[in-house]
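Peer 1: Following this message is one structure expressed as structure tokens.
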Amino acid sequence: MRKRIGLGYLRVLIRYATVGGRVQLLLLPGMDGTGRLFAPLLACLPPSLTAIAVSYPLDKPLGYDGLLTLVAEAARGLDDFVVVGESF
């Protein structure tokens, strides 16, 4: 089920992870494609919260199909997870 969530929900997930719950985040970068803006978030996440920050290749433009393939590969092996998008 796809569901759009706000920052408040992300705070709830982080709190849940700090009391022993397992949460997995898939972090998608904004228009720059690097995901560098996630660094402060990654630095303060509890150990029970797994986060994977995806970076898009900077040397070639990708359409939606190429981006989907890249993101699907990053999500391979994850169970239920939450997608957090930087900006789109």
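Here's the yes/no breakdown for (1) basic (K, R); (2) modelled with pLDDT under 85; (3) part of a helix (DSSP H, G or I); (4) surrounded by fewer than 13 Cβ atoms within 10 Å (Cβ to Cβ):
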| residue | (1), (2), (3), (4) |
| --- | --- |
| K3 | yes, yes, no, yes |
| L10 | no, yes, yes, no |
| S55 | no, no, no, no |
| V71 | no, no, yes, no |
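Peer 1: Under 7 Å by Cβ, and 6 or more places apart or on different chains, what pairs join a residue from region 54-80 that is free of Cβ contacts under 8 Å to residues at least 60 places away in the same chain with one that is assigned to a helix (DSSP H, G or I) and β-branched (V, I, T)?
Peer 2: Filtered contacts from region 54-80: V54/V71.
Peer 1: Kindly evaluate L26 against the criterion of being at pLDDT 90 or above and touching a strand residue (DSSP E or B) at 6+ places or on another chain (Cβ under 9 Å).
Peer 2: It is true that L26 is at pLDDT 90 or above and touching a strand residue (DSSP E or B) at 6+ places or on another chain (Cβ under 9 Å).
Peer 1: Going through region 33-51 one residue at a time, which ones are assigned to a helix (DSSP H, G or I) and either closer than 14 Å to V23 by Cα or open to solvent by 20 Å² or more (accessible area, probe 1.4 Å) (or both)?
Peer 2: Scanning region 33-51 gives R36, L37, A39, P40, L41, L42, A43, C44.
Peer 1: Of everything in region 73-88, what is over 13 Å from M31 (Cα atoms) and assigned to a strand (DSSP E or B)? Give them in sequence order.
Peer 2: V82, V83, V84
The values are calculated or read from the model by the stated rules, or taken from the named source; none is laboratory data. None of these values were measured; they are calculated from a predicted model. Cβ sites come from the backbone with ideal geometry, for glycine too, and all protein chains shown count toward neighbours. In case anyone asks, the SASA skips ligands and DNA or RNA and just uses the protein heavy atoms, side chains included. Shrake-Rupley method; radii C 1.70, N 1.55, O 1.52, S 1.80 Å.
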